[in-house]
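This report refers to the structure that appears directly beneath it.
The values are calculated or read from the model by the stated rules, or taken from the named source; none is laboratory data. Predicted, not measured: the structure shown is a model, and the values here were computed from it. Don't worry about glycine lacking a Cβ; one is built from the backbone with ideal geometry, like all the others, and counts go over all protein chains shown.
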Amino acid sequence: MAATEADPTARRTGRGSGGIRFDDVTVAYNGNVVLDSFTLDVAPGEVVALLGPSGSGKTTALRAVAGFVRPASGRVHVGGRDVTDLPPYKRGLGMVVQQYALFPHMRVEQNVAFGLKAQKLVAKSEIPARVAEALRMTGMAQYAKRYPRELSGGQQQRVAIARALAIQPSVLLLDEPLSALDAQLRSGMLAELARLHRELPDVSILYVTHDQIEALTLADRIAVMNEARLVEVGTARDLYKRPGTEFAAGFVGNSNLLPVTVAECAAHGDGSFRVTVRITTEGGAPAGELVTATCTEQAAAGETRTLCLRPHFLGLAAAEHHDNAFSGTVSEVQWRGSAHRIFADVHGHEVRLDTNELRNPPAIGDEVWLHFSAEDAVLIPAAATGSPSADPASAAKTTPAKGTPSEPTPTAEPTPAKNAPVKPAPTAEPAPAEDAPTAEPAPAEPAPAEDAAR
Amino acid sequence: MLLYTRRAQRIAWAVFAFFFLLLFALPFGVLVLAAFTKQWNGAFPSSYTFSNITAAFHTDPLDGLETSLITALLSSVIALVVGTWSALALDAVRNRVGKTLIQTVFMLPIAVPSVVVGLALLVAFSQGPVLLNGTNTIVVMAHSILVTAYAFQQVSAAVTRLDPAYEQAAASLGARPYYTLLRVKLPLLLPALTGSLALCFALSMGELGATAMVYSADWTTLPLRIYALDDRGHQFVAAAVTAVMMTITLAVLLAVSRIRTRANYR
Ligand SMILES: Nc1ncnc2c1ncn2[C@@H]1O[C@H](COP(=O)(O)OP(=O)(O)OP(=O)(O)O)[C@@H](O)[C@H]1O
Ligand SMILES: [Mg+2]
C-alpha cells in the first residue's frame, strides 16, 4: 500500500487505530438469545478467529460489528469509536461474506472500485491505481475486465477480498471466506490470507470459521464459541497446548478427553503443577496405572478431572517399560498411508493414537502401552470441568437449559461401526481427520465463559 | 420440464402445438387474413384486396395510432415509476398487516372491471376543483391507474427475490442507501423493470373499457376506432387497422425485450 500511504485523503477510512471491542453484547432474534453477553477485544493489527460449531453465533457476532443486527444490549466499538448506533454504511469496515455477494452486473474492477466511488474517498483519477493495487494484492490483476459469473469460486473470493481491501479499512470481517472452496484451493487461499495480513499489518481481522485448521493457521488468538457464548479465548498455541475448557480441548485440535482421579499434586517451578492421576472408570473408581500430567493450578487429591491427551503425543509400546503409560487393548487399527491411527480401550475409555506409519502395527485385541510425557498431558482446570462430580448426566442437562435453539452439529466421522461410541460424554470421541473441522458433541460447561473472556 | 424419451417429447410438442394453434394462431391468423379480404362468404375469403390496408393508412383510423402510442408510452412509464417506487417503499415496511393492506389496494384496479375505473375518474373529475373531463390527461390517468397495478405486482415480486446480501455488501463498503438503490438494486432489478414496462405498454395499447368512459373526440385511441369501424360495418378495415397496430406493438415489445436480454447477466 506504499503507493497510497502518502495520500492524506486515503487515510480517511484507513483510520489509524483499528480494533474491535465487543462489550457485553447480547443479540436475540424473536426472544431467542443467539449471542449471550459476548465480550471480546481485537487489538489493532490482530487476527482473531471466531471458532465454533454451526449455529453457535459466530456470524451473528460479525453482523453485530458490521451493523446488520442490533444488539439487545451491550456496545460495539470499532477503532475506539462506539458504533452501536451507526448504520452499516457509516462504520467503515471491510466485510467478506460467505456467498461473496459480488455485484453481478459489474466487472471485477467496478466491483473493487465500488466502495471508493460510493464514499468518494479519493479523487476520481486515483481510483484506477487503488483498484489495481487491491487486485494485485489478491493476485486478480489479469481478471479486472471479467464479470463475476466468469470467475471460479476461488477467484470470486479474491475479488470479494480485494473489494473490501480497496477502501483500506482498519477492520476486516471475514465470514467463513473459504467454506465454498475445495480442500486444495482452501489451503492455497489460507497461505494467501496469511501473506495478505503480513502486507497489511495494521488491519484487524475478525475471522469466522468452524474449521480449526483455518483458525490455528491464521489467527493470533482464537475465540471458541458454543451455544451463543464465548467459551474460551486465547492464543492459538495456548488453546492447543493448555486448553482451559473441555469444549476448547475438543474443538481446537483433536484430543482424547479422559476422566481421571487426582492422586497427588505438586508445584513444578514454572508456575504449573505436576499431578499424578489415575483413570476413572465408569463406576467412578480410579483404576490402572498412576501417570503424571501437567496442570495450571493446584488440584486436590481425590478430585475428578478431565485429562486432555492429543492423539499424536501418544506413543505405542508393547511391553511395560514406560513410567508414564496406560495399558490398553487395541480395538481398531486404521492404516492411512503415511500414518496409523489406533484406537485402544483403556479402562473402559476409548483412546485414539495417531502415529507415523508403523512397520509392525498391533493387531486388534493386542495388549499395548500408550505412553506420553507429562508436559503433553494437560489436566483441564477445575472451573472448566465444573463441580468435581461433573458426571455426564449433569453435563447433558445444562445443554438444553441455555435457551438457544442451536446445537453443535457433530461432524460425520469415519468411526468404524464396531467402535460405536457407547461411553460417557466427556470421553474422547474418535475425532475426524485433521483436515476436517471437529465438532465434538461433548457438551461444554458454560460457567467458565466469563473468566475466559476477561 | 425434463422429458427424456423422444415419445414424451413428441407428445408434449403436439399438445403445445394444438393449444397454440387453437388459442393464438387461429384468431390472429383469421384477423390477418381478414385485413386482406374483399369478400368472405365461405370458409375462406372469396376475393383478396389491399384496399383495406390503404384505407387504414389513408383515413383517420390510424390517427388513433399516434394517440395510442403516446398514451401507452406515458402511462407505462408513469406506471413503472410509481409501481417501482411503491414496491421498494413497501419492501421497507415491517408491519405485516399494513403491508398486506397496501398490496391488496394495489390489486384493486385489476379486480374491478376497467369500466368502473373509467367511471370513477369521470365522477371524480367532471366537476369540483379539478376539471379533467374531456381532456387527454384523464385518458392517460385511467391507463396509468390500470397498468400501475401490474407494474407494482411484477416489481414487488422481483424486489422480494432480491438477495439482501448485495445491499449489505454495498452498505459495508460505505454506500448510502440512495447510492445503493441507484447502483446496485435498480440495476439488479432491471430485467423485472423492462419486463413490466413491456407488459404495461402492451396492456395500455389494448385498453378499451376505461377508455370508452373517459375519451374525448380529439383523444381517441386505436381500440376505440377499431370498435367504431366494426360498429359501422367496416369489419375488414377494422381488421387491417388491428393488423397494423399488432405489428407496431410487437415491434416495440421486441425492442424492449432486446434491452431485457442485455440486462440478464445471471
Ligand atoms: N435472521 C434470523 N432470525 C432468527 N434466527 C436466526 C437468524 N439468523 C440466525 N439465527 C439463529 O441464530 C443462531 C446463530 O446463528 P449464526 O448464523 O450466528 O451461527 P453461526 O455460528 O454463524 O453458524 P454457521 O457456522 O452455521 O454459519 C442460530 O441458531 C440461528 O438459527
Ligand atoms: Mg455463519
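Overview of results
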item	result
Options A:ARG130, A:ARG163, A:ARG158, A:ARG149; residue that is away from chain B (no Cβ under 14 Å) and part of a helix (DSSP H, G or I)	A:ARG158
Matching residues in segment A:156-185 - criterion: being without any contact (Cβ under 8 Å) to a residue 40 or more places away in the chain and more than 16 Å from the chain's Cα centre (by Cα)	A:ARG158, A:LEU181, A:ASP182, A:GLN184, A:LEU185
Counted residues, segment A:94-109 - those being at the interface with chain B (Cβ under 7 Å from one of its Cβ atoms), modelled with pLDDT under 90 and surrounded by fewer than 21 Cβ atoms within 10 Å (Cβ to Cβ)	1
Identity of the residue in segment A:49-62, more than 6 Å from ligand 1 (Cβ to nearest atom) and under 12 Å from the mean Cα position of the chain (by Cα), that ends up nearest to the other protein chains (Cβ to nearest Cβ)	A:LEU50
Residue under evaluation A:GLU46, criteria (1) within 12 Å of ligand 2 (Cβ to nearest atom); (2) of a type outside the set (S, T, N, Q); (3) more than 14 Å from chain B (Cβ to nearest Cβ), criterion not met	(1)
Selected residue (only one of A:VAL69, A:VAL65 is in contact (Cβ under 8 Å) with a residue 60 or more places away in the chain, within 13 Å of chain B (Cβ to nearest Cβ) and within 15 Å of ligand 1 (Cβ to nearest atom))	A:VAL65
Answer residue from segment A:245-268, given it is under 13 Å from the mean Cα position of the chain (by Cα) and in a helix (DSSP H, G or I) and is surrounded by the fewest Cβ atoms within 10 Å (Cβ to Cβ) among those	A:GLY250
Residues (over 32 Å from the mean Cα position of the chain (by Cα) and of a type outside the set (D, E, K, R)) located in segment B:1-39	B:LEU3, B:TYR4, B:THR5, B:ALA8, B:GLN9, B:ILE11, B:GLN39
Segment A:219-244: number of residues that are modelled with pLDDT of 90 or more and surrounded by 22 or more Cβ atoms within 10 Å (Cβ to Cβ)	13
Criterion violated by A:ARG91 - all others in (1) facing chain B (nearest Cβ under 9 Å); (2) touching a helix residue (DSSP H, G or I) at 6+ places or on another chain (Cβ under 6 Å); (3) more than 15 Å from ligand 1 (Cβ to nearest atom) satisfied	(2)
Residue match in segment A:76-88 (condition: modelled with pLDDT under 95, within 16 Å of ligand 2 (Cβ to nearest atom), within 14 Å of chain B (Cβ to nearest Cβ) and out of contact with any Lys or Arg (no Cβ under 9 Å at 6 or more places or on another chain))	no
Test set (1) within 14 Å of chain A (Cβ to nearest Cβ); (2) touching a Lys or Arg at 6+ places or on another chain (Cβ under 8 Å) - B:VAL241 fails condition number	(1)
Wholly enclosed helices (runs of 4 or more DSSP H) of segment B:135-217 bearing at least 3 residues at pLDDT 90 or above and either more than 24 Å from A:ARG163 (Cα to Cα) or not acidic (Asp, Glu) (or both)	B:136-161, B:164-172, B:177-180, B:186-206
Failed item in (1) closer than 30 Å to B:LEU181 by Cβ; (2) buried (at least 16 other Cβ atoms within 10 Å of the Cβ), with B:LEU69 passing the rest	(1)
Any chance A:VAL112 is within 12 Å of chain B (Cβ to nearest Cβ) and at negative phi	yes
Segment A:22-46, residues that are within 14 Å of A:LYS58 (Cα to Cα) and in contact (Cβ under 8 Å) with a residue 60 or more places away in the chain	A:VAL33, A:VAL34, A:LEU35, A:ASP36, A:SER37, A:PHE38, A:THR39, A:LEU40
Residue check for A:THR235: closer than 27 Å to A:LEU35 by Cα and among the hydroxyl-bearing types (Ser, Thr, Tyr)	yes
Single unsatisfied condition, A:SER37 versus (1) within 13 Å of ligand 1 (Cβ to nearest atom); (2) outside any helix (DSSP H, G or I)	(1)
Among the residues listed as A:GLN110, A:GLN119, the single one being in the same structural domain as A:LEU151 (by TED's automatic domain parsing), touching a Gly at 6+ places or on another chain (Cβ under 9 Å) and more than 30 Å from A:ASP211 (Cα to Cα)	A:GLN119
Answer from A:LEU206, A:LEU196, A:LEU190, A:LEU216 - the residue that is in the same structural domain as A:ARG63 (by TED's automatic domain parsing), within 16 Å of ligand 2 (Cβ to nearest atom) and on the phi < 0 side of the Ramachandran plot	A:LEU206
Where A:GLN184 falls short, out of the listed (1) within 16 Å of ligand 2 (Cβ to nearest atom); (2) surrounded by fewer than 20 Cβ atoms within 10 Å (Cβ to Cβ)	(1)
Where a residue in segment B:165-182 is of a type in the set (Lys, Arg) and its partner, wherever it lies, is assigned to a helix (DSSP H, G or I) and crowded, with 19+ Cβ neighbours inside 10 Å, with Cβ under 7 Å and at least six apart	B:ARG176/A:TYR89
Residue in segment A:151-159 that is buried (at least 23 other Cβ atoms within 10 Å of the Cβ) and either within 16 Å of ligand 1 (Cβ to nearest atom) or at pLDDT below 90 (or both) present	yes
Test: residue in segment B:185-200 that is over 26 Å from the mean Cα position of the chain (by Cα) and at the interface with chain A (Cβ under 7 Å from one of its Cβ atoms)	no
First in segment A:198-212 and of a type in the set (Ser, Thr, Tyr), second anywhere and modelled with pLDDT under 90 and within 16 Å of ligand 1 (Cβ to nearest atom), Cβ under 6 Å, 6 or more apart	A:THR209/A:GLU176; A:THR209/A:ALA215
A:THR355, sole failed condition from (1) without any contact (Cβ under 8 Å) to a residue 60 or more places away in the chain; (2) surrounded by 19 or more Cβ atoms within 10 Å (Cβ to Cβ); (3) not aliphatic (A, V, I, L, M)	(2)
Any hit, segment A:168-184, residues being touching a Ser or Thr at 6+ places or on another chain (Cβ under 8 Å) and within 14 Å of A:MET137 (Cα to Cα)	yes
